[in-house]
Amino acid sequence: MLPEEAGDFDREFRAAMSAATETLDLTGVLDLLERWRRVARSSRDERAHRRMLEHADRLTDGDDVATEAWPATRARLGL
């Protein structure tokens, strides 16, 4: 995870733990940890992770961003 994402993780984790304390259900905590595990894996390449976040922001703003279908990406990467 990027240093600037640590605060987001901390806030989300505290909220999930607070909810789990009330409901006695850890599902939300486990879901959060799984989602952040994917973020941690994605951010191993910091430049690529930042580029992905920038593209996501641009797509959210309605900008035109070059994309590639998942099957094409898999083929390109040999997966």
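Please treat every number below as a calculation from the coordinates, not as lab data. Since this is a predicted model, take the numbers as computed values, not measurements. Glycine also receives a Cβ, built like all others from the backbone with ideal geometry; neighbour counts cover every protein chain displayed.
Any chance you could give the angle, 0 to 90 degrees and rounded to 10, that helix 27-42 forms with the longest Cα principal axis of the chain?
30
When only DSSP loop residues count, what trypsin sites (Lys or Arg not before Pro) in the chain have their Cβ near at most 16 other Cβ atoms within 10 Å?
Of the trypsin sites (Lys or Arg not before Pro), the ones in loops of the chain whose Cβ has at most 16 other Cβ atoms within 10 Å are ARG44.
How far is helix 6-23 tilted, in degrees, relative to the longest principal axis of the Cα atoms in the chain, given as a value from 0 to 90 rounded to the nearest 10?
40
Between GLU46 and ALA20, what FRET efficiency follows from the Cβ-Cβ distance if R0 is 25 Å, with the result rounded to 0.05? Before the final figure, lay out each step's value.
Details: r = 31 Å, r/R0 = 1.24.
With R0 = 25 Å, the Cβ-Cβ based efficiency is 0.20.
Under 1.5 on a/c is rounded, so check that first for the chain, then, if it is not, pick prolate when a/b is larger than b/c and oblate when it is not; a ≥ b ≥ c are the square roots of the alpha carbon gyration tensor eigenvalues. Before the final figure, lay out each step's value.
Values: a/c = 2.31, a/b = 1.93, b/c = 1.19.
Note, shape of the chain comes out prolate.
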